[in-house]
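Scroll down for the structure; my scribbles are underneath it.
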Amino acid sequence: MTHRNDRTLRVGALARVEGEGAMYVRVRGRNVEEVRLDIYEPPRFFEAFLRGRAHTEPPDITARICGICPVAYQMSACQAVEAACGVTVDGPLRDLRRLLYCGEWIESHALHVYLLHAPDFLGYPGAVELARDHRPVVERGLRLKKAGNTVMEVLGGRAIHPVNVRVGGFYRTPERTELVPLAETLRRARDDALATVEWAAGFEFPDFTHDHEYLALTAERYPLEAGTLRSTGGRAFTAADFEEHVTEHQVPHSTALHAHFTGGGRYLTGPLARYSLNRDRLSPLAREAADRAGLGPECRNPFRSILVRAVEIVYAVDEALRIIADYRPPPRPAVPVPPRRATGHGATEAPRGTLYHRYDLGPDGLIQAARIIPPTSQNQAAIEDDLRRFVADRLHLDDHDLTHRCEQAIRNYDPCISCSTHFLDLTVDRS
């Protein structure tokens, strides 16, 4: 602090988020002049890696974008390629994909709730310190994460970067008997998930709300692997029209692109958007858990996102059990997906929000162009706006306390920074 009315808050490396990012806030008098979520992790150029590859390769390549949510990348990639090739995957194969996605939601949300975000609410610097005083609580979180990992191992072959997913379905599908022990694991996880909602409902949430337009998929069931995009502002469009409604642009302080609705207007995707647009599609058990936790028809306090994630864990466990109970092995593990010249689009609900893929295929099936828009890059503008208003209402706090609370505010969105830095506009002038 250089003057009592001029303040600069800096965090060079944000803790308990995935990837490398920083925070910068500059205050002059009573005005918050600048707020930045600086993303300095080097861009990873996955769109460029995909050019020239076969149409069957995106599920394996894009899974490497993230070790926490690889299934989201695989499902959006499969959906886009299959759309380009005019193929629909349904029946038991679609159910198995949804089951695999449930596993990812369980493990990702459990990681965030227990190890990344809960320490903020309970006054601990991290999960290790939390475990020293609350070992049974942290063990419950680890059990939940392990249950999600087990789903991914059974369906995907392994928990990190699954190897059993392919365009058209799977390389191998399980027998019903193989899912029996998985169901037993999930029934135990359901009790842990319900306890998680009750536990998180007891946290003290700062009084703060936002008015962003929410964007999420909607479908007959609570959205995971497919659906129509809708917003709280009345927008409705398919994945094929995503780029007509969403525009990306580069900002100087981020190696990830920012996204806005075409024509202007920031928006937010993720658990708060999904819940607020699809609450009536939760399973009865998850809806009852949300009611007991005090969640209304929509949630606009980003600090309560930890509670919404807990409810989504209940849903994912419940939905996984439903799919297993109804499962009948398909006649073949995958349907043929012959290549053709076309463009395909796919959008699914990653744990952190809507994930969009687009692939332009040549007649030989080679990828001519690719575009991937992950949820964290879509949310950056909304995160910065929330941070600006959050700071403006708390200028009475000292720098240390205010900086800590700002870090907590950023962790509300569970940013996956490595996912967001896959692309960078680059112009080279040669003389």
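The values are calculated or read from the model by the stated rules, or taken from the named source; none is laboratory data. It should be emphasised that the depicted structure is a prediction, and the values quoted were computed from it without experimental measurement. Cβ: placed from backbone, ideal geometry, glycine included. Neighbour counts: every protein chain shown. Surface areas here come from the heavy atoms of the whole protein model, side chains and all, with no ligands, DNA or RNA. Shrake-Rupley method; radii C 1.70, N 1.55, O 1.52, S 1.80 Å.
Å³ per residue of the Cα convex hull, for segment 215-355?
On the way: hull volume 22.0 nm³, N = 141.
Dividing the Cα hull volume of segment 215-355 by its residue count gives 156 Å³.
Sort segment 322-394 into rounded, prolate or oblate with this rule: let a ≥ b ≥ c be the square roots of the eigenvalues of the Cα gyration tensor; rounded if a/c is under 1.5, and if a/c is not under 1.5, prolate when a/b is larger than b/c, oblate otherwise. Write down the numbers at each step before the final one.
Working: a/c = 7.03, a/b = 1.60, b/c = 4.38.
Oblate, because a/c is 1.5 or more while a/b does not exceed b/c.
Compute a Gaussian network model of the chain, connecting alpha carbons closer than 10 Å, and tell me which residue from Gly234, Gly21, Gly353 fluctuates the most.
Largest GNM mean-square fluctuation: Gly234.
Let me make sure I get this right: for segment 1-131, a, b and c are the square roots of the gyration tensor eigenvalues over alpha carbons, sorted descending. Under 1.5 in a/c it's rounded, otherwise prolate if a/b > b/c, else oblate. Which is it? It would help to have the intermediate numbers written out before the result.
Details: a/c = 3.15, a/b = 1.84, b/c = 1.71.
Here segment 1-131 falls in the prolate category.
Rounded to the nearest Å, what's the spacing between the alpha carbon centres of segment 377-408 and segment 235-293? Just the number, please.
Between the Cα centres of segment 377-408 and segment 235-293 lies a distance of 21 Å.
Considering only protein heavy atoms and a 1.4 Å probe, what is the carbon-and-sulfur percentage of the accessible area of the chain? Write out the running numbers ahead of the final one.
Details: 8240 of 17090 Å².
Of the solvent-accessible surface of the chain, carbon and sulfur hold 48 percent.
For Cα pairs less than 8 Å apart in space and 6+ apart in sequence, what is the mean separation divided by the residue count of the chain, i.e. the relative contact order in percent?
Working: 880 pairs, mean separation 113.1, N = 431.
Relative contact order, the chain: 26 percent.
So, counting K/R as plus one and D/E as minus one, what does the shell of residues with Cβ under 12 Å around Gly67 add up to? Please list the in-between numbers first.
Details: positive: Arg64, Arg158; negative: Glu18, Glu104, Glu107.
Surrounding charge for Gly67 is -1.
Given R₀ = 60 Å, FRET efficiency for Arg172-Asp393 by Cβ-Cβ distance, to 0.05?
Details: r = 54 Å, r/R0 = 0.90.
Rounded to the nearest 0.05, the efficiency is 0.65.
Kindly identify segment 124-279 as rounded, prolate or oblate by the Cα gyration tensor criterion: order the square roots of the eigenvalues as a ≥ b ≥ c, call it rounded if a/c is under 1.5, otherwise compare a/b with b/c, prolate if a/b is larger, else oblate. Can you show the working numbers first?
Values: a/c = 1.93, a/b = 1.26, b/c = 1.53.
Because a/c hits 1.5 or more and a/b fails to exceed b/c, segment 124-279 counts as oblate.
Sorted by packing (mean other beta-carbon atoms within 10 Å per residue), highest first, where do 161-167, 378-384, 366-372 land?
Listed from highest to lowest mean packing, they are 378-384, 161-167, 366-372.
Placing +1 on the Cβ of each Lys and Arg and -1 on the Cβ of each Asp and Glu in the chain, which of Tyr24, Tyr40, Gly362 has its Cα farthest towards the positive end of the resulting dipole?
Positive-end residue among those listed: Gly362.
Please report, in Å, the Rg and the Dmax of segment 43-92, where both are computed over Cα atoms only.
In order Rg, Dmax, the Cα atoms of segment 43-92 give 11.6, 38 Å.
Can you list the DSSP H helices in the chain whose Cα atoms extend at least 20 Å along the helix axis and whose mean Kyte-Doolittle hydropathy is -0.5 or higher? Present the calculation step by step, with values, prior to reporting the outcome.
Values: long enough: 70-84 (21 Å, 0.51); 92-110 (27 Å, -0.43); 135-156 (30 Å, -0.15); 176-200 (35 Å, -0.30); 305-326 (31 Å, 1.11); 375-392 (26 Å, -0.69).
Span-like helices here: 70-84, 92-110, 135-156, 176-200, 305-326.
Using the Cα centre of the chain as origin and beta-carbon charges of +1 (Lys, Arg) and -1 (Asp, Glu), tell me which of Leu142, Val154, Val308 is placed farthest towards the positive end of the dipole.
Projecting each Cα onto the dipole axis, the largest value belongs to Val154.
Per residue, how much accessible surface does the chain expose to a 1.4 Å probe? Answer in Å², no decimals. Don't skip to the answer; put the middle values down first.
Working: 17090 Å² over 431 residues.
Result: 40 Å² of accessible area for each residue.
If Glu213, Glu220 are ordered by their accessible area, calculated over protein heavy atoms with a 1.4 Å probe, which sequence runs from highest to lowest?
Numbers: Glu213 40, Glu220 175 Å².
Solvent-accessible surface, decreasing: Glu220, Glu213.
Per residue, how big is the convex hull of the chain when only Cα atoms are used? Give it in Å³. It would help to have the intermediate numbers written out before the result.
Details: hull volume 62.5 nm³, N = 431.
About 145 Å³ per residue, rounded to a whole number.
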